[in-house]
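Asks: Right, I'll just put the structure down here and ask away after.
The values are calculated or read from the model by the stated rules, or taken from the named source; none is laboratory data. Just so it is clear, the structure is predicted and the values come from calculations on it, not from any experiment. When we count neighbours, we look across all protein chains shown, and the Cβ atoms used for this are built from the backbone with ideal geometry, even at glycine. The protein model used for the area step is the full one, side chains on, heavy atoms only, and it has no ligands, DNA or RNA in it. Shrake-Rupley method; radii C 1.70, N 1.55, O 1.52, S 1.80 Å.
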Amino acid sequence: MNRRENLKLLFTGSLASGMLFTGCGPESPETVEIPHNPKIGEFGSYGRTPEEIIHNENLKSATFFTEEERQKLDLLVDMIIPADETSGSATDAGVPDFIEFMVKDIPSYQTPLRGGLLWLDHKSDELFGSKFLEISEDQRTQVIDLIAYPDTAKPENLSGVKFFNNLRNLTATGFFTSEEGFKDLGYVGNRPNAWDGVPDEVLAKHGLENDPKYKDVYLDISTRGTIAQWDDNGNLIG
């Protein structure tokens with residue numbers, strides 16, 4: 001099983017309680033107005049409060065990562081989730097923008113991620129005599145392989161392992177809560193079912209059968225959004 005399949009298994013079961021439905025991320029919907037309901041008090045809206053909207057706009061107007069850090073980030077997230085025949089890569093899904101937003105929204109991410117990006121330069125220089133962006137693709141893979149597998153990583157690379165674990169989690173969260181990630185998972189959301197009655201073989205076991213004259217009346221899928229109407233005698237008329 002490849003790394004992409006592992007990430008899919010990890011996040012398929014957690015989407016319902018993850019950032020997708022908690023409103024995290026730079027493109028989440030803003031406040032939605034709803035009719036007043038005295039049973040729920042004086043609140044007439046749900047979603048983001050005006051203060052949260054202002055806060056998010058302030059975050060989006062600022063920039064945390066330098067241009068060089070952003071170039072490294074783009075390379076790294078696509079090493080974690082590359083494009084394939086099903087969907088685009090992490091950068092195609094806007095993951096770097098997601099991470100940029102998250103580090104501003106949760107400042108505790110800032111030092112570990114910035115320090116980890118700097119660690120990559122030190123390790124690249126130690127092994128190949130150049131910074132991470134200046135070495136070859138194969139050499140970058142060699143550097144990442146030192147920290148991508150915690151169970152086999154050497155103790156001297158522990159800080160790099162912690163950085164990459166953090167980055168991998170953010171990358172997977174950003175990707176699998178995006179349109180590209182949904183495409184990759186085959187997630188289509190809630191959709192109405194079409195019921196065509198109790199199967200004939202099930203009815204036959206109980207000595208029953210569908211009356212053909214009612215099939216077009218009760219099992220016409222094209223009219224499933226129509227409100228039923230009855231006459232005074234209780235007969236269905238439409």
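Asks: When only the heavy atoms of the protein chains count and the probe is 1.4 Å, how do 55, 122 rank by accessible area, highest first?
Replies: Working: 55 85, 122 120 Å².
Ranked list, largest accessible area first: 122, 55.
Asks: Considering only protein heavy atoms and a probe of 1.4 Å, how much of the accessible area of region 47-190 is carbon and sulfur, as a whole percent?
Replies: Details: 3700 of 7410 Å².
Whole-percent figure for carbon plus sulfur exposure: 50.
Asks: Separate question: Roll a 1.4 Å probe over the protein heavy atoms and report the accessible area of residue 57 in Å², nearest 10.
Replies: Ignoring ligands and nucleic acids, residue 57 comes out at about 80 Å².
Asks: Okay, moving on. So how far, in whole Å, is the C-alpha centre of region 118-151 from the one of region 42-116?
Replies: After rounding, the separation between the Cα centres reads 23 Å.
Asks: Take the Cβ-Cβ distance between residue 136 and residue 156 as r, set R0 to 22 Å, and report the resulting FRET efficiency rounded to the nearest 0.05.
Replies: 0.45
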